[in-house]
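Worksheet: the structure to be examined is printed underneath.
The values are calculated or read from the model by the stated rules, or taken from the named source; none is laboratory data. Note that the coordinates shown come from a computational prediction; the quantities given were computed from them, not determined experimentally. For neighbour counting, all protein chains shown are included, and Cβ atoms are generated from backbone atoms with ideal geometry for every residue, glycine included. Areas reflect the complete protein model, heavy atoms only, side chains present, ligands, DNA and RNA absent. Shrake-Rupley method; radii C 1.70, N 1.55, O 1.52, S 1.80 Å.
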Amino acid sequence: MEKIDIITGTTAAAMAAKLSNVEVIAAYPITPQSHCVEALAKYVADGELDAEFVKVESEHSAMATCIGASATGVRTFTATASQGLALMHEMLYIASGMRLPIVMLNTNRALSAPINIWCDQQDSIAERDSGWIQIYAEDNQETLDSVVQAFKIAEDEEVLLPVMVNIDGFILTHTVEPVAIPDEEKVREYLGIYEPKHAYLDPDRPITQGPVGVPECYMETRKDLNDAIEGSREVIKRVNEEYYKLFNRKYGNGLVEGYNLEDADTVLVAMGSVCGTIKYVINELKEKGKNVGLLRIRTYRPFPKEDVVEMLKDANNVAVLDKNISLGFNMGALGIDVSSVLKNKKVCNYIVGLGGRDITPQDIEEIISHVEGAKDGETKWINLKE
Amino acid sequence: MVTIAAIIYEPGSTNKNKTGSWRTFRPILDNKKCIKCENCYIFCPEGTIYEDKNGDFKINYDYCKGCLICVNECPVNALTSTREEK
Amino acid sequence: MMDKKQFPREEYFAPGHRGCAGCGASIVARMALKTTGRDTIVVNSTSCLEVFTTPYPESAWRVPWIHTAFECGGAVASGIERAIKALKKRGKYKDRKLVVMPIIGDGGTADIGFQALSGALERGHDIVYIMYDNEAYMNTGVQRSSSTPLFASATTAPAGKVSKGEDNPKKDMAMIAAAHGIPYVATACISYPEDFMRKVKKASDIEGPTFIHVLQPCTIGWGYSTENTIKIGRLAVETGLFPLYEIENGEFKITYKPAKRKPLKEYIRMQKRYRHLTDEDIEILQKHIDEKCRLLGLE
Amino acid sequence: MIEIRFHGRGGQGAVTAAQILATSAFYDGKYSQGFPFFGVERRGAPVMAFTRIDDKKIILRSQIYNPDYVVVQDAGLLSAVNVVEGLKKDGTVVVNTTEEDMDLGFKTYTIDATGIALDILGVPIVNTTMLGAFIGATDIVSIDSVKKAILNTFKGKLGEKNAKAAEVAYNTIKNKE
């Protein structure tokens, strides 16, 4: 039976991994992710989760171990953040290239230097092109639901790709709030047991995984990979609906979530927990008679191109918030992506919340008033100190 | 068509590649002299020396690259080499 | 002791691979797989062996095989080993022992893969880790590794007017592995197949991490003609340069004692990587060996 | 929406107090959030933690700058930190001190929580005691829910002692009124 508990985002993710009956976990602690692997270690220690927990010596090895385990045909999970994700970089490409449905929690945290343990999304954005599906959750409930959904999406025969569920460091990882925890049996029945048809290290069916991709085959494997992540949009949408039917919660259409878009001349586009604060401001403005909308990007990769065009067709002022910066381009990644799909529309980019700089309702209001008076293509850094 | 993740589902499929064409020198095994010590068998980097039904060792020239380790390691000179005639 | 007349006839390492004529790494793979048989899962790191055996769509491997990257063979093997445990809980592989066998070069073991190796050994995974040592990065053009011996010339440690080649002695991986307190560590050489295969068998029968450091001459990297691969390996052992031993549950044992150690010069003069050495230089190396042999009781 | 800020020292359990309060509100059928100020403070340093309570789902994710209530777990902090910074005009402060009265420019309650904690817990860790006092002063959640949340946070005897400390502090404030 579903029960509600008041838990952190990291606990919600650990709980989801447990509900999903992961068989091998390989992880290394890093702030602000550590509570997730600590919770998983405790489940294993208490006999609540019958998983093999490999306490690896680095994130690089965490991903390598997950790859080895997934390639042997079991469900795997890991968690990381920031420098840890950066250390995994090489292995992320290998996980997707080998088409292994590994699920990972990334707790978004700034990259050094200077060293900073607080939230921004530069870490996962830096892995944009790695072939991982990237989901950004807004709250702890969505964190739990997204991890469960991630296994369903990743293991779909049409997809077979790793999925990274991103949650904002500290803002979600260290905040307790009510989270509905689905019935374990029900989740396990929904996901079933992972039994790969393509990748299995089994002496009874000896195959060679990770061979030399000679020029005669490499480009085709990359095209297949691209087709798989492109095609995953439909699967993500379907899983969102399935999940809604079973567990009574859905997140937009799975790829994007619109909020108060009807008759909104000004629309903000953002990812992650800041969307809550934006909704809060939208509600306040609405009471004052002002209509502003939000388009929340839930899956950054695959990027919901068509939804962005469709859902922003009536907006005249588009303000894209980025908790990352493409150095040398003076725009954030989401700003660049949104600009590239919206033709003949005013799109301004706002760099916010880097390295844990708090994003307040006042900041959101400032963005709204700025974009309404701005020219197309402006980039503004919000809440910079003098 | 390339398989998913370029996984190779056919174990040992390099045997399509006849590396015998690499040879400059050809080892020749004289079964009359052979004492079946198995040196040539175990030291061959290609696994190209095999035991036939009669228990005699033979060289599969489809794959022998002509390194001549077998000639060097034969304790009774049952293996000799000759230049490959092409 | 394995009867020499009974080397297993099964071949799990297929011909047609692109290894050099006289390749020692191929011999390592062949011998190891003949020993452990079909229920073996091989992990390669990026290396010669990986590259020449698996150019898509062909594979020389008749056992399950995986390659991911250069520095993580120990970690990948760890994941496989735990996944097998997990699968056994589901009832798969009932009453079967699967051997997880990383076969990884000296660079992938002693240098870039050192951390992953140490982690795997420390965590007690049931693996047979074979370090095939050709004493340099042969896959990419004979650059030095930490396993390159003193005074050997390599492309990143070339002999020159003021250099005698590599200026540091070889890293002692077997002893480093042993320092992890694992149940079994051994050195081996492909020129002694019974000894090597017996050690692989022993390692595969042992529960827990085992490490075999196998010396494997390389025709290209060491600079000798192809027929001498086995001969040179034998000289490395007969001179005392590469002693064959095993450390089982902490107990050290020499497994092959040369009747009389041969002079190092015989070994050195067969290889182009040492051709810049004077007799005096060789004398320095000889002293190093004498000292080490004294320590190991190999006089 | 009600916003509460806890001031404490690293190791005194301010974050736990914020989380227990959030849990208590949840037991009362409300929505809540409990979170720390995201810092690098170690044991002994001044720290802050926050709780939000509302009748509807809380979506605001910024830190709290204008709290309705402030809880000061250690009077020693008063000289180091401006504990009433941003406090709403009609806000309330609850301070752990041996002084009977204190003028902080706001409605202020005082309690010797350290004395109660030492008496009941045997250690000067005052987070649950201060929570009891805070609820006694404000009634923003029920004391029963606070006790239940404490018992679910600390297992066994420890939980019972902490619940008792909260209750004693709660009654102490109530009796003052």
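For first residues located in the stretch C:32-50 and at the interface with chain A (Cβ under 9 Å from one of its Cβ atoms), partners that are among the hydroxyl-bearing types (S, T, Y) and not in a strand (DSSP E or B) and lie 6+ apart or on another chain with Cβ distances below 7 Å form the pairs C:R38/C:Y12.
For the list (1) buried (at least 18 other Cβ atoms within 10 Å of the Cβ); (2) in a helix (DSSP H, G or I), I need the number of the one condition that A:S340 fails. The number of the failed condition is (1). Among the residues in the stretch C:154-170, are any among the basic types (K, R) and more than 15 Å from the chain's Cα centre (by Cα)? So far as the stretch C:154-170 goes, yes, one or more of its residues are among the basic types (K, R) and more than 15 Å from the chain's Cα centre (by Cα). The combined condition, being basic (K, R), under 30 Å from C:G119 (Cα atoms), away from every other protein chain (no Cβ under 14 Å) and not in a helix (DSSP H, G or I), is fulfilled by C:K253. Of the residues A:S369, A:S339, the single one that is touching a strand residue (DSSP E or B) at 6+ places or on another chain (Cβ under 6 Å), modelled with pLDDT of 95 or more and assigned by TED's automatic domain parsing to the domain that holds A:T299 is A:S339.
Does the stretch C:140-148 contain at least one residue that is outside any loop (DSSP other than H, G, I, E, B), in contact (Cβ under 8 Å) with a residue 40 or more places away in the chain and in contact with a helix residue (DSSP H, G or I) (Cβ under 9 Å, 6 or more places away or on another chain)? No, the stretch C:140-148 contains no residue that is outside any loop (DSSP other than H, G, I, E, B), in contact (Cβ under 8 Å) with a residue 40 or more places away in the chain and in contact with a helix residue (DSSP H, G or I) (Cβ under 9 Å, 6 or more places away or on another chain).
Cβ-Cβ distances below 9 Å connect the following pairs, each with a first residue in the stretch D:74-87 that is modelled with pLDDT of 95 or more, a second residue that is part of a helix (DSSP H, G or I) and open to solvent by less than 40 Å² (accessible area, probe 1.4 Å), and a separation of six or more residues or different chains: D:V83/D:L77. Determine whether the stretch A:4-14 contains at least one residue that is within 14 Å of chain C (Cβ to nearest Cβ) and surrounded by 20 or more Cβ atoms within 10 Å (Cβ to Cβ). Within the stretch A:4-14, not a single residue is within 14 Å of chain C (Cβ to nearest Cβ) and surrounded by 20 or more Cβ atoms within 10 Å (Cβ to Cβ).
Looking only at the stretch D:27-78, how many residues end up being assigned to a loop (DSSP other than H, G, I, E, B), over 17 Å from D:M1 (Cβ atoms), within 11 Å of chain A (Cβ to nearest Cβ) and open to solvent by 50 Å² or more (accessible area, probe 1.4 Å)?
The total comes to 2.
In summary, helices (runs of 4 or more DSSP H) completely within the stretch A:17-122 and bearing 3 or more residues that are facing another protein chain (nearest Cβ under 8 Å) occur at A:59-72, A:82-97.
Of the residues B:Y41, B:Y63, B:Y50, the single one that is at pLDDT 95 or above, part of a strand (DSSP E or B) and closer than 21 Å to B:G12 by Cα is B:Y50. Note on the stretch B:1-33: residues that are open to solvent by 30 Å² or more (accessible area, probe 1.4 Å), part of a loop (DSSP other than H, G, I, E, B) and under 13 Å from B:I59 (Cβ atoms) total 2.
Is it true that some residue in the stretch C:167-175 is assigned to a strand (DSSP E or B), touching a residue at least 24 places away in the same chain (Cβ under 8 Å) and open to solvent by less than 10 Å² (accessible area, probe 1.4 Å)? No, the stretch C:167-175 contains no residue that is assigned to a strand (DSSP E or B), touching a residue at least 24 places away in the same chain (Cβ under 8 Å) and open to solvent by less than 10 Å² (accessible area, probe 1.4 Å).
A Cβ distance below 6 Å, combined with a sequence gap of six or more or placement on separate chains, defines the contacts here; from the stretch B:3-32, residues that are small (G, A, S) reach residues that are in a helix (DSSP H, G or I) in the pairs B:A6/A:C217; B:A6/A:T221. For D:T138, indicate whether it is touching a residue at least 12 places away in the same chain (Cβ under 8 Å), at negative phi and open to solvent by 10 Å² or more (accessible area, probe 1.4 Å). It is true that D:T138 is touching a residue at least 12 places away in the same chain (Cβ under 8 Å), at negative phi and open to solvent by 10 Å² or more (accessible area, probe 1.4 Å). Number of residues in the stretch A:353-379 that are closer than 22 Å to A:A264 by Cα, more than 11 Å from chain D (Cβ to nearest Cβ) and in contact (Cβ under 8 Å) with a residue 24 or more places away in the chain equals 12. Counting only residues that are more than 8 Å from chain C (Cβ to nearest Cβ), within 17 Å of C:F52 (Cβ to Cβ) and among the β-branched types (V, I, T), the stretch B:1-34 holds 0 of them.
Within the option set C:A116, C:A110, C:A136, being open to solvent by less than 10 Å² (accessible area, probe 1.4 Å) and within 12 Å of another protein chain (Cβ to nearest Cβ) holds for one residue only, C:A116. Looking across the stretch D:102-118 at every residue that is in a helix (DSSP H, G or I) and in contact (Cβ under 8 Å) with a residue 24 or more places away in the chain, the one that is most open to solvent (accessible area, probe 1.4 Å) is identified as D:I116.
Within the stretch A:140-170, take every residue that is open to solvent by 10 Å² or more (accessible area, probe 1.4 Å), outside any helix (DSSP H, G or I) and out of contact with any strand residue (DSSP E or B) (no Cβ under 8 Å at 6 or more places or on another chain) and give me the one that is nearest to A:T31 (Cα to Cα). Checking each candidate, the answer is A:E155.
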